[in-house]
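Read the figures in this text as sums done on the coordinates, not as results from a lab. On a predicted model such as this, the values are computed, not experimentally measured, just so you know. Cβ coordinates were reconstructed from backbone atoms using ideal geometry, including for glycine residues, and neighbour counts include every protein chain displayed.
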Amino acid sequence: MICRPLIRNAVPLCLSLCIGPHTMALTNQARATVSPNFSGGGGPVDIIHTNAGAVDASGSTTGGSNSSGDATAHTQYGFIRLSAHAIGSLNATATGIFQDSITITSPGIPTGTPGTLTYGVAVSGTLNASAGFSASSWGLQTDLGGGAFDMSHSGRSNSPELAPAGYSGDPFGTYSSTVAFQFGIATTLDVEFRAAAQAANSFSGSGAAAVDPSVILTWAGIHDVKANGTPVGTFGISSGSGTNWAAAAAPCAGDINNDGQVDDADFVLFVAAYNILDCADPSMPAGCPSDLNADGVVDDADFVVFVAAYDALVCP
């Protein structure tokens, strides 16, 4: 396993974001790992759950030097949501992996014909590192077709005492890759996403870092399919899971603050928009995000949609 160091200092702590070599199991994984750097307290925890569908993992613990932390992961086909918190001297890591087998066909194109396609993923969220020698981070690796990873992106936020302070690395946003495949022949899809809150005490006080409320990875779809370099107008994608990978993952209608879940914070925003009513009103937030049925007003019909999303809680 290759690790990317985040910091170097006198503190006996290696802050790293590590994603190992990918293997294909055609299942989804959610993992929560919390590791104190000093003995005492509850000790380390490592919770790994797998499922051919939606799967969750969460864990928390305490350690020496008044340390505490937690990590939570939610994974389903096309969507991963991760959060983590670390106080004192402790590492908390959340990992999500979704994998599938896909086959691409097109009318009139023989099996085995070489082709290319472009696929994408979108990453959003919030990182915090407020005290001590601490950092929070995210990283993704993706592969379609086997072999080396097609994409590898990461970013981190360092605490004010840890140089260089603030955010560095790849920005949040949408990333894409163009890869080769063969029509009519099954190939593999592997998307791995990890977030870490890694806290270390400094001479001035206790460490503190968080991935809060979350970082989110969303599948952005497949497009620009070509056969022998010629664009294909019509194509179909079948998959082991039944997921339509040609399409982007459906948006979460009730997630008004875009934190990957529909909760009380979204309800507060919805009520404020409900009182304004008209999306054209200058006081309405840009884009009128509470207009969940896109009819230009925020009314009872939108509330029905919101309540359904609120009961589901987790996006999408």
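Rank Leu189, Leu269, Leu144 by mean-square fluctuation in a GNM of the chain with C-alpha springs under 10 angstrom and give only the top-ranked residue.
Comparing Leu189, Leu269, Leu144 in the GNM, the peak value goes to Leu269.
Sequence gap at least 6, Cα distance under 8 Å: using those rules, report the relative contact order of the chain to the nearest whole percent.
Relative contact order of the chain: 18 percent.
Given labels modelled 7 Å from the Cα in the Cβ direction, how far is it in nm from Asn258 to Ala280?
2.6 nm
Could you order peptides 60-70, 101-111, 131-141, 199-209 by the average number of other Cβ atoms within 10 Å of their residues, highest first?
131-141, 199-209, 60-70, 101-111
Can you match P(r) over Cα pairs in 10 Å bins from 0, in percent to one of these, (1) 6, 24, 27, 24, 14, 4, 0; (2) 6, 27, 35, 22, 8, 1, 0; (3) 6, 21, 24, 18, 11, 7, 5, 4, 2, 1, 1, 0, based on a calculation from the structure here?
Looking at P(r) over Cα pairs in 10 Å bins from 0, in percent for this model, the match is (1).
Per-residue ellipticity at 222 nm for the chain, helices alone: DSSP H runs ≥ 4 residues times -39500 (n - 2.57), over residue total, nearest 500 deg cm²/dmol?
After summing the helix terms and dividing by residue count, I get -2500 deg cm²/dmol.
Can you give me the Cα centroid spacing of segment 247-274 and segment 184-242 in angstrom?
Their Cα centres are 21 Å away from one another.
Is the C-alpha gyration tensor of segment 81-214 telling us rounded, prolate or oblate? Criteria: a/c under 1.5 is rounded; beyond that, a/b larger than b/c is prolate, otherwise oblate.
prolate
Once both labels are modelled 7 Å past Cα along the beta-carbon direction, what's the Val271-Ser168 spacing in nm?
For Val271 paired with Ser168, the spin-label model returns 4.4 nm.
By the scheme Lys and Arg +1, Asp and Glu -1, what is the net charge of all other residues having a beta-carbon under 15 Å from that of Ala54?
After counting each charged neighbour, the total is 0.
With the chain treated as a Gaussian network of Cα nodes joined by springs under 10 Å, which of Asp46, Asp255, Asp278 yields the largest mean-square fluctuation?
Asp278
Using the basic label-point model (7 angstrom from Cα toward the beta carbon), what is the Ala247 to Val305 distance in nanometres?
1.5 nm
Among 178-186, 228-236, what's the highest-first ranking by average C-beta atoms within 10 angstrom per residue?
178-186, 228-236
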